[in-house]
Amino acid sequence: MKKAFHLLWLVVLVSALVLTACGGGGQEASSGGGAKVERPAPPADYASKTNPKAGDAAAAAEGKKVYETNCASCHGNTGKGDGAAAASLNPKPQPLATTEGALSDGYMIWRIAEGGGMAPFNSAMPAWKSVLSEDQIWQVVAYLRTLPK
Ligand code: HEC
């Protein structure tokens, strides 16, 4: 009887461990706070895009200016998600310096162009497509790729 009881606990413990380990999947990465973030695949017209300015230092330098003017107030000067406006936001701005490695160009341009005013995001992330040109969005993506983690 005692042995069976221990065995039961072992089963519970093992299944709990397996469940935690398998919680991820897709493009999920944990945000700064450790919370799981839902990242659906971008719509096809965005998913197929790749950054024509990838690795272009001059474009990244332009992107830095775009970032400092438009993004740093929320995402922080060094992309750590700690801009002045971040404290009052829920969900919080992503620490882009850390998350960018897991995000495709297609996902980046989708999220920057269309923002967070839709499910599942429902966030304060503005839509930039009427403010920034596609060129400028690619410049800022090139810059994000250079941010130290
Ligand atoms: C008003 C605050 C605010 C500003 C300004 C802002 N963002 Fe965001 N951004 C957010 C929030 C909040 C999130 C997290 C919720 C979400 O994914 O929509 C986010 C998410 C993102 C994501 C998705 C990241 C991920 O890990 O899934 C990208 C990419 C992004 N922002 C880029 C930018 C860029 C580039 C700019 C400037 C052109 C910018 N943001 C300006 C608030 C902001």
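The values are calculated or read from the model by the stated rules, or taken from the named source; none is laboratory data. Not measured: the values here are computed from a predicted model. With ideal geometry, Cβ positions are generated from the backbone for all residues, glycine too; neighbour counts draw on all protein chains shown. Calculation scope for accessible area: heavy atoms of the full protein, side chains included, ligands and nucleic acids excluded. Shrake-Rupley method; radii C 1.70, N 1.55, O 1.52, S 1.80 Å.
Here are the numbers:
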| quantity | calculated |
| --- | --- |
| Residue in region 102-110 that is within 6 Å of the ligand (Cβ to nearest atom), farther than 19 Å from K149 by Cβ and at pLDDT 95 or above present | no |
| Every residue from region 54-88 that is surrounded by 15 or more Cβ atoms within 10 Å (Cβ to Cβ) and over 18 Å from Q139 (Cβ atoms) | C74, G76, K80, G81, D82, G83, A86 |
| In region 103-149, residue nearest to G76 (Cα to Cα) [restricted to those that are open to solvent by less than 60 Å² (accessible area, probe 1.4 Å) and among the charged types (D, E, K, R)] | R111 |
| Segments classed as helices (runs of 4 or more DSSP H), wholly inside region 71-149, with at least 1 members that are of a type in the set (D, E) and within 12 Å of the chain's Cα centre (by Cα) | 105-114 |
